[in-house]
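See structure below.
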Amino acid sequence: MQDAAPSTINRDQLREQIRQTIQDARTAQDEAGRITVIAPPAPGVTTTQAPPWVPPDDIPPRVQETAYALFITFAVMIIGYPIAKAIGRRIDRAGETARVPTAVTSQLAQLNQAVESIAIEVERISEGQRFTTRLLSEQHQLPAPTHKNVS
């Protein structure tokens with residue numbers, strides 16, 4: 001029974017100390033204009049707070065911004081290259097000629113032969129017309145025949 005009484009007193013005292021510490025911290029924060037809850041560390045536990053990060057002073061000015069720009073450029077290149085390549089392939093495929101079916105190819109061959117035969121016939125007609133024109137022009141150049149009456 002004796003062991004229970006001192007531990008009860010210690011717990012009560014510890015609880016009272018914690019309440020008092022929290023109350024003191026709230027009062028101090030109210031005076032400073034900030035309200036945050038600060039919990040005291042457990043007995044026997046030590047806590048340390050890391051200092052806020054301060055960038056080193058040995059970095060020249062604007063190097064950090066340049067490094068960010070470099071990394072962003074690399075990321076855009078790594079992501080953008082495959083996209084640009086895919087777009088280029090799509091454009092190349094769009095420029096290819098379409099496959100012509102064999103039926104259309106045979107019809108085009110027949111049409112080509114027909115046009116060639118028409119061209120040969122037109123050439124023959126024009127040759128005949130040139131010949132006729134030459135004969136008519138030579139007839140006008142000959143002297144007129146003279147008629148003599150023999151009586």
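The values are calculated or read from the model by the stated rules, or taken from the named source; none is laboratory data. Quick caveat, the model's predicted, so the values are computed rather than measured. Neighbour counts are summed over all protein chains in view; Cβ atoms, including those assigned to glycine, are modelled from backbone coordinates with ideal geometry.
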Cβ-Cβ under 7 Å pairs, at least 6 apart or on other chains, the stretch 119-131 side touching a residue at least 24 places away in the same chain (Cβ under 8 Å), far side among the basic types (Lys, Arg) and in a helix (DSSP H, G or I): none
Among the residues of the stretch 89-96, is any assigned to a loop (DSSP other than H, G, I, E, B) and over 18 Å from the mean Cα position of the chain (by Cα)? yes
Determine the pairs where a residue that is at pLDDT below 75 and part of a loop (DSSP other than H, G, I, E, B), located within the stretch 18-38, has a partner that is of a type outside the set (Val, Ile, Thr) and surrounded by 10 or more Cβ atoms within 10 Å (Cβ to Cβ) with Cβ atoms under 7 Å apart, the partner being 6 or more residues away or on another chain. 35/29; 36/29; 38/25
When you scan the stretch 45-66, do you find a residue that is modelled with pLDDT of 90 or more and either farther than 30 Å from residue 10 by Cα or in a helix (DSSP H, G or I) (or both), even just one? yes
Determine, yes or no, whether residue 59 is over 29 Å from the mean Cα position of the chain (by Cα) and surrounded by 10 or more Cβ atoms within 10 Å (Cβ to Cβ). yes
